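Each remark here refers to the structure printed beneath this line.
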Amino acid sequence: MEPFFDLTLKELELLLGACGNERYRAKQLFKWVYGKSVFDFDLMTDISKGLRKLFKSMLYFNFLSVESTKRSCDGSVKFGFKTEDGYVVESVLMPEKDRTTLCVSTQIGCKMGCKFCVTGKIGFIRDLTAGEIVSQLMTVKRLVGTKITNVVFMGMGEPLDNLKNVIKAIEIFGDPFGLNLSKRRITISTSGLVDALRTIPQKSCVIAISLNAADDEKRNYLMPINRIYPLHAILDFARNYKPDKRSRITFEYVLIGDINDSQEDALKLADLLSGIRCKINLIPYNESPYIPFRSPEEAKVFAFQKILLRKGYTATIRKSKGQDISAACGQLGSHYLR
Ligand code: SAH
Ligand code: SF4
């Protein structure tokens, strides 16, 4: 039996073709499953009974089992899923007025070891399969019944350290016969693995790079990966990244109290990014009992933003979602540290 959520349309076509079926059967299945959320072959009325029986014997829907659901007072919901080998994977659903975003995980733990991040503190356990990534969305979709309009790869793990499976998941999310999410509605956030970044099909998703410091010394301290991909390598990539006229790269900058939130840091950042078409997303640090860093003072966050705005940048402050349920950026996976 093959896990359905692991298969791209092409792979499903090949699989069904190998048993003598026409290619369009794969599209039919994609439409039922991803388009109409029908997970019972017997309800797929445009497929003959004989074929339904065959498909039932070949494919199963690899939903994740739900271990916990925590609702935040701001409307976001954190799901804890149990993998077949007993690990917990977390996803966060964030309903807003005009969209519903799901933040998905790509690894259990993370190798990058960023000093401020709970997932980094866990260390690396394993990559998630493409099916486990797609299944986070499908399991949530089945549970809540609402349409998920946006996906952000900002949960546990470094997406580009699990490149093959992440690219496969993006292909499944974007498939016109399936969920049909447009490129603008899929965002990958990375700590800046430049070599992997270059291999991502440019029109498949939006790219966000976690900068978090405006000089190498500070970035080396906060994000050890900077020793391999230092700022100049990241900026080089960003300068040449022009998938189309409208797209801009996003830089994320986590503001940590008294570490990287000064006016001098803001001026340095403005200088560093000069000439690069980009958006800057400022993320006030979410505290965790497992890490000694502190949130920045609110006034400093606004002062930081003001400097960037004055220098002509688009700079937004990300409102933290789900802080009360440890679902905010960088808080996922804390049960592994308990
Ligand atoms: N590994 C990827 C994606 C997951 S982290 C990356 O690093 O980009 C997603 C975002 O959360 C990153 O921008 C990261 O810098 C930020 N982050 C990590 N810990 C945080 C915390 N405690 N508070 C706020 N943001 C945090
Ligand atoms: Fe990994 Fe991203 Fe956390 Fe760094 S911030 S440890 S890359 S998940």
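Results, tabulated for the structure shown:
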| read-out | value |
| --- | --- |
| Per-pair calculated FRET efficiency, R0 = 35 Å: GLN202 and PHE39 via Cβ, rounded to 0.05 | 0.55 |
| Cα gyration tensor, the range 82-142 - rounded (a/c under 1.5), prolate or oblate | oblate |
| Shape of the range 2-60, Cα gyration tensor, a/c cut at 1.5 | rounded |
| Kirkwood hydrodynamic radius of the range 1-124, Cα pairs, Å | 17.3 Å |
| Karplus 3J(HN,Hα) series, Hz, for the range 319-334 with 6.51 cos²θ - 1.76 cosθ + 1.60 (x for Gly, Pro) | 6, 6, 10, x, 4, 5, 10, 6, 10, 6, 3, x, 9, 6, x, 5 |
| Relative contact order (%) - the range 2-60, alpha-carbon pairs under 8 angstrom, separation at least six | 35 percent |
| Gain upon complete extension [LYS49, LEU14; 0.36 nm per residue less C-alpha separation] | 10.5 nm |
| Relative contact order, percent, the chain [alpha-carbon distance under 8 Å, six or more residues apart] | 16 percent |
| Pair ARG71, ILE276: separation of 7 Å Cα→Cβ label points (nm) | 4.1 nm |
| Whole-percent carbon and sulfur share, accessible surface of the chain, 1.4 Å | 52 percent |
| Sites LYS164 and MET1 - FRET efficiency at Förster radius 30 Å, r taken between beta-carbons, to 0.05 | 0.85 |
| Ranked order, LEU309, LEU332 - accessible area, probe 1.4 Å, largest first | LEU309, LEU332 |
| Residues of the range 65-337: accessible area per residue with a 1.4 Å probe, Å² | 43 Å² |
| The range 2-60, accessible area per residue, ligands and nucleic acids excluded (1.4 Å, Å²) | 51 Å² |
| Nonlocal amide H pairs with ARG318, under 5 Å, H built at 1.01 Å | LEU282, ILE283 |
| Taking the C-alpha atoms of the range 114-180, convex hull volume expressed per residue in Å³ | 103 Å³ |
| Column: log10 I(q)/I(0), Debye, Cα scatterers of the range 65-337, q = 0.14 Å⁻¹ | -0.99 |
| No Cys partner within the rule (Cβ under 4.7 Å), the chain | CYS19, CYS73, CYS103, CYS110, CYS205, CYS278, CYS329 |
| Structure-based [θ]222 nm, the chain - -39500 (n - 2.57) summed over DSSP H runs of at least 4, per residue, nearest 500 | -9000 deg cm²/dmol |
| Sites LEU143 and ARG248 - FRET efficiency at Förster radius 25 Å, r taken between beta-carbons, to 0.05 | 0.15 |
| Amide H contacts of PHE124 (H built 1.01 Å from N, under 5 Å, at least 5 apart or other chain) | CYS110 |
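The values are calculated or read from the model by the stated rules, or taken from the named source; none is laboratory data. Just so it is clear, the model here is predicted, and its values are computed rather than measured. Positions of Cβ are generated from backbone atoms using ideal geometry, with glycine treated the same way; all protein chains shown enter the neighbour counts. Just the protein is used for accessible areas: all its heavy atoms, side chains included, with ligands, DNA and RNA removed. Shrake-Rupley method; radii C 1.70, N 1.55, O 1.52, S 1.80 Å.
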